[in-house]
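Worksheet: one structure, shown below.
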Amino acid sequence: MATLTTEKSSHPTPRASGRPVPGLIFGDLWEYDPAPETADPKLKARYDLFIGGKFVAPASGKYFDSINPGNEKKLADIAHANAADVDAAYRAALQAYDGAWGKMAGRDRAKYIYRIARLLQDRAREFAVAETMDGGKPIKESRDFDVPMAAAHFFYHAGWADKLDYVAPGRRAAPLGVVGQVIPWNFPLLMLAWKIAPALAMGNCVVIKPAETTSITALKLAEIFQDAGLPPGVVNIVTGFGDTGAAVMTHPIAAKVAFTGSTEVGKIIMRSLAGTEKKMTMELGGKAANIVFDDAPLDQAVEGIVNGIFFNQGHVCCAGSRLLVQESVAADVLAKLKHRIEVLRVGDPLDKNTDVGAINSKEQLATIQRLVASGVKEGATLFQSPCKLPVRGYYFRPTIFSNVSMSHRIAREEIFGPVLSVLTFRTLEEAVEKANNTAYGLSAGVWTDKGSRILKLSTELKAGVVWANTFNKFDPASPFGGYKESGFGREGGRQGLFDYCKLA
Amino acid sequence: MTRLTITKTPKVYVGGAFIRSESARTFPLRDAAGNFFANIPQCTRKDLRNAVEAAAKAGPGWAKRTPYNRGQIIYRLAEMLEARKADMADALRLGAAATSPRNGKARGRARPLSKSAAAREITATIDRLIHYAGWADKYEQVLGNVNPVASPHFNFTVTEPMGIIGLLAPEEAPLLALVSLIAPAITAGNTVVALASTAQPYPAILLGEMLATSDLPGGVVNLLTGFRKELVPTFATHTHLRAIAGVASAEERKQLKLAAADSVKRVKLTPAEEPVDWFSDKVEGVYEIRAHVEFKTIWHPIGA
């Protein structure tokens, strides 16, 4: 839009030194010194199962390696639980439900959950380092987001434990019994908190399985359960692979199962439970549209786009992986984005300056590489940050695809990595049509200066979370969950409690 | 000389029109005494797909109606039923037709409903509609929230309709149960495709006529008559149905849940083997509406 004021370039003016103009003023002026976080993660050499309040060896005696994806070094042995271990976990949970936990007054239940929150806060840095070593996420994210948010989830839900009468006005809410939960590797501790905290607040007992690549913080949290004096069996943690997860989901004692993970596995679980009356909640994949209108504050939007897709290496189910930018500002936004990702610091997850850490596993790296290759093959234009990558560990350059069409695999399939597909639109209707043209419906973003347009889009977008002029924000008080094939049920807030109770 | 009466051709109400099955198939309905009463459309998978298409067309418009307007329309439906109580009583008193819900074959004897039992079912149905009419502009305030997040954002959670919902009515309470399933779904702004009781389809035929005169836009409620065995598999697999609700046998529940996984359909089924008291106020209310909505949470920064 033409204005009377002189347009200011976002680029700095050339300097007298004759130095070439950097894309961003801080882009190439100096090298960063390493700034490793050195707190002790207090890891054990071997992690057993946590059943009935005790650490117990797996029935099979089998263990598997947990690898630090940042340097491919082994961190610890993790127990591989089989069906017998899972059964023992359910029996311990049922005993706790029929016993101490089930009979406990809500206000006492609350106190235990508060204790967990507080003890986790006490050991926050230790947990952050462990989380980063085990999963590959940058220490600034585990330190400033994952761990404090996990503690916040326990603190928030603790307060609900004696307020069940306010969950569903007009009806009495009662716990379901024992719930089975399977969580993914992208936010290991946080997902654990998302699943356990509301379940306990509502009076249920839990059998939970962390992902095989990220079991350590779950078992560290078990130490906190012991320190908090949580009655044995209230939370049981079984580690292992898909076979362990299947045993957790299909166990006859489970009154309800909750799963966070891929849509593909979610569907397998739904089918495996088709003949049962188990309650289910599914938090599955996404392919979120992040929509930028021409009136949006573009620099702010670029920060939001970067946060939307490169947060946690793009291992985020609600990542803004499809950028829909209005045609009139597309070139401008793309140029700004390219400059911006060039200065993202990719590397050692434990370095406090790192923006993008390690890809969680070799397998996930291969998946990302495969989908990026398909993007190139199908004719999209690839741009990757020229940054140096560490020699060891699993890393992937921040990647932007432009000239993407709706039919490309990179515009339809969840990549779960630091890969952004850029599409354009001309009208609001086209933006909505493209945003909703997906089997998923977890989240969406809108960037515009116009309030009425935000409200219009937030109504039209078929997604469970809509971020307007922001992205990837989370809070225990804020319900999270998807439309369509992104799953059903909500986690967080009052709405999330419904999925852990029955109405009498 | 007595006048020879004009008998009515039963047609199902789909997309705001009264239609026969595209297959031109029917099944005979007999009255309690076993005499032929009428031929009922035996709807097919194609009829179901057409109904889903009609529901899809009506969906956005219905969802955008104001809650006040939706409430008035549902109230109007209750008015229509109140005015035609006598007709509906006759329909209910035809009794359970001596046909099997699975394949339409004759079986056993029909049980006629007493006059008072028919009247009781009708008044309960009218009251149920009035109950939901009142919820239309209130459930959002009970189910939604402003969320006190720990950052400078305005964060709120609202409900939205799921879309098109497939409903399977039980064999019993052919009017009350059917309306108890439809009412919460449409109160929340969804559109529905409902399969009526096979044994007692005639109340659904009459209900269609009342829907047509109630200001409800065509396609919001689509009623099918026919055989469960023929139609349940398509209810299960049709990917445009975002949810399946109603009453189903153990075998049907498994079939519906298996296929629901393919498109992550929401499933809320009551076991047919457990008797439901459709007259109880336990089966109505805001939590029935809640089962038919999605929750959407919106974030916006707070700043100058």
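Tabulated values for the structure
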quantity: Of all residues making up the stretch A:77-135, the number that are hydrophobic (A, V, I, L, M, F, W, C) and closer than 30 Å to A:Leu164 by Cα; calculated: 18
quantity: Residues satisfying the stated conditions in the stretch A:463-504, i.e. under 20 Å from the mean Cα position of the chain (by Cα), charged (D, E, K, R) and at the interface with chain B (Cβ under 9 Å from one of its Cβ atoms); calculated: A:Lys473, A:Asp475, A:Lys484, A:Glu485, A:Arg490
quantity: Spans of strands (runs of 3 or more DSSP E) in the stretch B:188-287 with at least 3 residues β-branched (Val, Ile, Thr); calculated: B:191-195
quantity: Filter result for A:Leu457 (touching a Leu at 6+ places or on another chain (Cβ under 9 Å) and away from chain B (no Cβ under 11 Å)); calculated: no
quantity: Single match in A:Ala88, A:Ala81, A:Ala128 (criterion: part of a helix (DSSP H, G or I) and surrounded by 24 or more Cβ atoms within 10 Å (Cβ to Cβ)); calculated: A:Ala128
quantity: Within the stretch A:233-259, considering residues that are crowded, with 23+ Cβ neighbours inside 10 Å and within 14 Å of another protein chain (Cβ to nearest Cβ), the one farthest from the chain's Cα centre (by Cα); calculated: A:Met249
quantity: Number of positions in the stretch B:295-304 that are in contact (Cβ under 8 Å) with a residue 24 or more places away in the chain and either of a type in the set (S, T, N, Q) or farther than 12 Å from A:Val466 by Cβ (or both); calculated: 4
quantity: Check on A:Gly347, out of contact with any Pro (no Cβ under 9 Å at 6 or more places or on another chain), in contact (Cβ under 8 Å) with a residue 40 or more places away in the chain and not hydrophobic (A, V, I, L, M, F, W, C); calculated: no
quantity: Which listed residue is without any contact (Cβ under 8 Å) to a residue 40 or more places away in the chain, of a type in the set (Asp, Glu) and either surrounded by 24 or more Cβ atoms within 10 Å (Cβ to Cβ) or within 27 Å of A:Leu497 (Cα to Cα) (or both), from A:Glu283, A:Glu303, A:Glu277; calculated: A:Glu277
quantity: Selected residue (criterion: surrounded by the most Cβ atoms within 10 Å (Cβ to Cβ)) from residues of the stretch A:260-274 that are more than 9 Å from chain B (Cβ to nearest Cβ) and without any contact (Cβ under 8 Å) to a residue 24 or more places away in the chain; calculated: A:Val265
quantity: Enumeration of residues in the stretch B:224-233 that are charged (D, E, K, R) and either without any contact (Cβ under 8 Å) to a residue 24 or more places away in the chain or surrounded by fewer than 17 Cβ atoms within 10 Å (Cβ to Cβ) (or both); calculated: B:Lys229
quantity: Which numbered condition A:Leu461 fails, given (1) surrounded by fewer than 22 Cβ atoms within 10 Å (Cβ to Cβ); (2) closer than 25 Å to A:Gln300 by Cα; (3) in contact (Cβ under 8 Å) with a residue 60 or more places away in the chain; (4) in contact with a strand residue (DSSP E or B) (Cβ under 9 Å, 6 or more places away or on another chain); calculated: (1)
quantity: Enumeration of residues in the stretch A:217-256 that are assigned to a helix (DSSP H, G or I) and farther than 18 Å from A:Leu120 by Cβ; calculated: A:Gly242, A:Asp243, A:Thr244, A:Gly245, A:Ala246, A:Ala247, A:Val248, A:Met249, A:Thr250
quantity: Scan of the stretch A:420-436 for residues that are within 19 Å of A:Ala380 (Cα to Cα) and not hydrophobic (A, V, I, L, M, F, W, C), ordered by number; calculated: A:Ser421, A:Thr424, A:Lys434
quantity: Boolean, B:Gly134 is surrounded by fewer than 21 Cβ atoms within 10 Å (Cβ to Cβ), closer than 25 Å to B:Glu82 by Cα and out of contact with any Pro (no Cβ under 8 Å at 6 or more places or on another chain); calculated: yes
quantity: Test: A:Gly451 is surrounded by fewer than 23 Cβ atoms within 10 Å (Cβ to Cβ), within 13 Å of chain B (Cβ to nearest Cβ) and over 30 Å from A:Gly180 (Cα atoms); calculated: yes
quantity: In the stretch B:264-287, residue nearest to the other protein chains (Cβ to nearest Cβ) [restricted to those that are touching a strand residue (DSSP E or B) at 6+ places or on another chain (Cβ under 8 Å) and surrounded by fewer than 17 Cβ atoms within 10 Å (Cβ to Cβ)]; calculated: B:Pro271
quantity: Check on B:Glu252, within 17 Å of the chain's Cα centre (by Cα) and not β-branched (Val, Ile, Thr); calculated: no
quantity: Answer residue from the stretch B:145-172, given it is more than 9 Å from chain A (Cβ to nearest Cβ) and β-branched (Val, Ile, Thr) and is farthest from the chain's Cα centre (by Cα) among those; calculated: B:Val146
quantity: Residue among A:Ser458, A:Ser405 that is over 18 Å from A:Gly304 (Cα atoms) and among the small types (Gly, Ala, Ser); calculated: A:Ser405
quantity: Residue that is farthest from B:Leu269 (Cα to Cα), among those in the stretch B:237-253 that are touching a residue at least 24 places away in the same chain (Cβ under 8 Å) and within 10 Å of chain A (Cβ to nearest Cβ); calculated: B:Thr239
quantity: Residue within the stretch A:173-187 that is away from every other protein chain (no Cβ under 14 Å), under 30 Å from A:Ala358 (Cβ atoms) and in a helix (DSSP H, G or I) present; calculated: no
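The rows are residues; the columns are (1) touching a residue at least 40 places away in the same chain (Cβ under 8 Å); (2) of a type in the set (A, V, I, L, M, F, W, C); (3) within 18 Å of B:Ala78 (Cβ to Cβ); (4) crowded, with 24+ Cβ neighbours inside 10 Å.
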{"position": "B:Glu171", "(1), (2), (3), (4)": "yes, no, no, no"}
{"position": "B:Ser180", "(1), (2), (3), (4)": "yes, no, yes, yes"}
{"position": "B:Pro203", "(1), (2), (3), (4)": "yes, no, yes, yes"}
{"position": "B:Glu209", "(1), (2), (3), (4)": "yes, no, yes, no"}
{"position": "B:Asn222", "(1), (2), (3), (4)": "yes, no, no, yes"}
{"position": "B:Phe235", "(1), (2), (3), (4)": "yes, yes, no, yes"}
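Each reported figure results from applying straightforward, stated rules to the coordinates on display, with no laboratory input. If you're wondering where the values come from, they're calculated on a predicted model, not measured in any experiment. Quick reminder, even Gly has a Cβ in these numbers, built from the backbone with ideal geometry, and neighbours come from all protein chains shown.
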